[in-house]
Amino acid sequence: MKKIIISTLAVSALFFVTSCEHDFDTDVKDITVTSGEADFTTYVSLGNSLTSGYRDGALYSSGQNESYPSMIAGQMKLAGGGGFTQPLMPNDTGGFVGFKGFPGKLTLQVVNGSLSPVESPAAAALDNVSAGRPYNNMGVPGAKSFHLVAPGYGSAAGLTEGTANPYFVRFASSASASVLDDAKLQKPTFFSLWIGNNDVLSYATNGGTNSQTVGTVTTYSAATVQNGNLNPATYKSNDISDPNVLAGSIKNVLDGLKSVGTTKGIIGNIPDVTSIPFFTRVPYNAIPLDATTVQKLNTSLYGPLKAALTFFGQGDRINPVAVGNNPVLIKDNKLANLSPQLTAALTSAGYPADQAAFIGNAFGQARQAKQGELILLTASKVLGLDATTNLPPTASSVFIYGASFPIGDELSLTADEVNNISTAVKAYNVAIKGLADSYNLAFVDANAKMKELDSKAGITWNGVKYTATFVTGGAFSLDGVHLTGRGYAIIANEFIKSINAKYKSTLPQVDPNKYSGVKFP
């Protein structure tokens, strides 16, 4: 099998000519693999879930074995690199028994006649693998930029307080250590740093909301864009970090590594999170209606609602539906809450009090989604279900999620929320590129690569085409956010190309086609 290496200049030239239809490979079987001006003896990777090998909604052992840093380390070995250890999970399912929000991996199964990702039960309790330290892969799922420099992020006692992360608890050197502290102990000769995605991603994947659960009831409120607030300890979990917090945290990591003599490495920027399948799989107009249903909805719901909303000066929230695809009904917490007014109007119109209150509360902040707004992948779990039973609709069903009943605010992104995300990503990436330049580091434009994947042409490797299409595109796993092994290989090659360009090394690229993609039943 020939070895592959990509020339950055050649790639640029080819992309110019072929509009990204194909990647470009150069047969380098006769080229000696060297480290150039770099030293790969001790390579340490820092980051979040993308660095850890997380995929399919969980961290599990076979996924970790296909993390992009482990692929890079394998190529570094050919140029004198040392071993690369990872804090492997104790099973191939993942999750932590007894921890809410840490299920096992998604698998593709046939549900009601269709293929759907299905969550697995968590496979084991939280373990501790700190005895196996040091670990070269220090990617911590869920970590934001400021978490890397937070003392106690690996403290078991901090789990109940929400100041610690169970993935870091597994392998932290002490209860007071930070991720940076443990990286410094290894005195890396080379590092990679890909962090900051979660500083905006959690806002995006939660529809711009924070949640609060009391008993069995969960309520959602608007998350905050924390511009001007430089104290992340005051942030709620899904708030967008101030760009200066992100830049300062990354600078602290770089300075910390520099203090132990680590000055050579690579840093990646933040992908545009709204170009990934989690946000693009479900269109804003995902409600197909036939003529009979249209007539029924307009007569019994949309017409009366529009009349009432028009009376209150908000008639543009709802328009009559038509045959074909129609916008999803969403809840928008930026709208004035007209629940009391709608309830009173419906009661006056003769609706029973309980029914008037039900409709009034449901539609007080409801409107139809608009083009450019995003319906999240998680909405696909409820779209089309009976809103009163959460079951598939029957002949007597009246309120159907998305069609005649709004989906929750946490399941969509309005135009304002999309803009908040885009603004943050742009600011983060300006800061990250500036830090890469000022610290004389290699830089990988992960944002550009993700956009390339999201293009119609996608990326082709040795005859296999990869795109950002959910499930069938080959690059993204079943959670719609994280990559498959093949997708991580594409990213690994971007890191390798930038390392070679910066440090005059000749690391060969990996072959994405050799790694795993989505597994079908």
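The values are calculated or read from the model by the stated rules, or taken from the named source; none is laboratory data. Computed from a prediction, not measured in an experiment: that's the story for all the values here. Cβ coordinates were reconstructed from backbone atoms using ideal geometry, including for glycine residues, and neighbour counts include every protein chain displayed. We work out accessible area using only protein heavy atoms, side chains counted, and drop any ligands, DNA or RNA first. Shrake-Rupley method; radii C 1.70, N 1.55, O 1.52, S 1.80 Å.
Kindly state, as a whole number, the per residue volume in cubic angstrom of the convex hull around the alpha carbon atoms of region 452-521.
Working: hull volume 6.4 nm³, N = 70.
That works out to 91 Å³ per residue.
Using modelled backbone amide H atoms (1.01 Å from N, in-plane), which distant-in-sequence or interchain residues come within less than 5 Å of Leu193's amide H?
Amide H neighbours of Leu193: Leu46, Ile266, Ile267, Gly268.
What angle do you read, to the nearest 10 degrees and between 0 and 90, between the alpha-carbon axis of helix 485-503 and the longest principal axis of the chain?
Once rounded, the angle reads 50 degrees.
Can you tell me, using C-alpha contacts under 8 Å and at least 6 residues apart, the relative contact order of the chain as a whole percent? Walk me through the intermediate numbers first.
Numbers: 1121 pairs, mean separation 96.9, N = 521.
Relative contact order here is 19 percent.
Each residue of region 209-220 in turn: what ³J(HN,Hα) in whole Hz from Karplus with 6.51, -1.76, 1.60 and θ = phi - 60°, glycine and Pro shown as x?
For region 209-220, the Karplus-derived couplings read 10, 10, 10, 9, 10, 10, x, 9, 9, 10, 10, 10 Hz, x marking Gly and Pro.
Could you tell me which of rounded, prolate or oblate describes region 38-195, using a ≥ b ≥ c as the square roots of the eigenvalues of the alpha-carbon gyration tensor, with rounded for a/c under 1.5 and, failing that, prolate when a/b is larger than b/c and oblate otherwise?
oblate
Run the accessible area of the chain with a 1.4 Å probe and give the carbon-and-sulfur part as a rounded percent.
55
Divide by every residue of the chain the summed helix terms, -39500 (n - 2.57) for each DSSP H run of at least 4, and state the resulting mean residue ellipticity at 222 nm, rounded to the nearest 500 deg cm²/dmol.
One gets -9000 deg cm²/dmol as the mean residue ellipticity at 222 nm.
May I ask you to evaluate 6.51 cos²θ - 1.76 cosθ + 1.60, the Karplus curve with θ = phi - 60°, for each residue of region 404-413 and list the ³J(HN,Hα) values in order in whole Hz, giving x for glycine and proline?
Running phi through 6.51 cos²θ - 1.76 cosθ + 1.60 with θ = phi - 60° gives 10, 7, x, 6, x, 4, 6, 10, 8, 10 Hz.
In Å, the Kirkwood hydrodynamic radius of region 156-288 over pairs of distinct alpha carbons?
Across region 156-288, the inverse of the average 1/r is 17.5 Å.
Longer than 20 Å from Cα to Cα, which of Lys105/Lys519; Lys433/Lys502; Lys251/Lys497; Lys184/Lys251; Lys456/Lys497 are they? Say none if no pair is.
Lys251/Lys497; Lys456/Lys497, as the Cα separations exceed 20 Å there.
Could you grab the Rg to Rh ratio for region 162-221? Cα atoms only, Kirkwood for Rh.
Rg divided by Rh gives 1.12.
Identify, among Asn48, Ser67, Gly82, the residue whose Cα sits farthest towards the positive end of the charge dipole of region 48-166, taking +1 on the Cβ of Lys and Arg and -1 on the Cβ of Asp and Glu, with the dipole about the Cα centre.
Going by the Cα projections, it comes out as Gly82.
Which one of Gln226, Ser155, Gly132 is farthest out on the positive end of the charge dipole of the chain, using unit charges on Cβ (Lys, Arg +1; Asp, Glu -1) and the Cα centre as origin?
Gly132
Counting DSSP beta bridges with both partners in the chain, what percentage is antiparallel, nearest 5?
Counting DSSP beta bridges with both partners in the chain, the antiparallel share is about 60 percent.
Report the relative contact order of region 91-196, percent, no decimals, based on alpha-carbon pairs under 8 angstrom and at least 6 residues apart.
21
Give the long-range amide H neighbours of Leu483: residues separated by 5 or more places, or on another chain, with amide H under 5 Å away, using H modelled in the peptide plane at 1.01 Å from N.
Amide H neighbours of Leu483, under 5 Å, 5+ apart: Ser477.
May I ask you to give the solvent-accessible area per residue for the chain, in square angstrom, as obtained with a 1.4 angstrom probe?
Working: 21760 Å² over 521 residues.
The answer is 42 Å² per residue.
Whole Å is fine, so just give me how far the alpha carbon centre of region 55-129 lies from that of region 362-401.
After rounding, the separation between the Cα centres reads 32 Å.
Dipole size in debye (nearest 20) for the chain around its Cα centre, Lys and Arg Cβ +1, Asp and Glu Cβ -1? Walk me through the numbers before you get to the answer.
Numbers: 37 positive and 37 negative charges, 94 e Å.
Here the chain has a charge dipole of around 460 debye.
How long, wide and thick is region 62-119, going by the Cα atoms along their three principal axes, in whole angstroms, largest first?
Extents along the principal axes: 52, 29, 15 Å.
Out of residues 5 or more away from Ile400 or on other chains, whose amide H comes under 5 Å of its own, with H placed 1.01 Å from N in the peptide plane?
Residues meeting the amide H criterion: Ala387, Phe405.
Let's see if you can work this out: charge +1 on each Lys and Arg Cβ, -1 on each Asp and Glu Cβ, no other charges. What is the dipole magnitude of region 319-478 about its Cα centre, in debye to the nearest 20? Let's see the in-between values first.
Working: 11 positive and 12 negative charges, 72 e Å.
Result for region 319-478 is approximately 340 debye, rounded to the nearest 20.
Out of all Cα-Cα pairs in the chain, roughly what percent, to the nearest whole number, are more than 35 Å apart?
Cα-Cα pairs of the chain separated by over 35 Å account for 38 percent.
Could you grab the relative contact order for region 240-355? Cα pairs under 8 Å, six or more apart, rounded to a whole percent.
For region 240-355, the relative contact order is 23 percent.
Please turn the phi angles of region 416-427 into ³J(HN,Hα) values with the Karplus equation 6.51 cos²θ - 1.76 cosθ + 1.60 (θ = phi - 60°), one per residue in order, whole Hz, x for glycine and proline.
Coupling constants for region 416-427: 4, 5, 4, 5, 4, 5, 4, 4, 5, 4, 4, 5 Hz.
Within region 430-498, which trypsin sites (Lys or Arg not before Pro) sit in a loop by DSSP and count at most 15 neighbouring Cβ atoms inside 10 Å?
Loop-located and lightly packed - Lys456.
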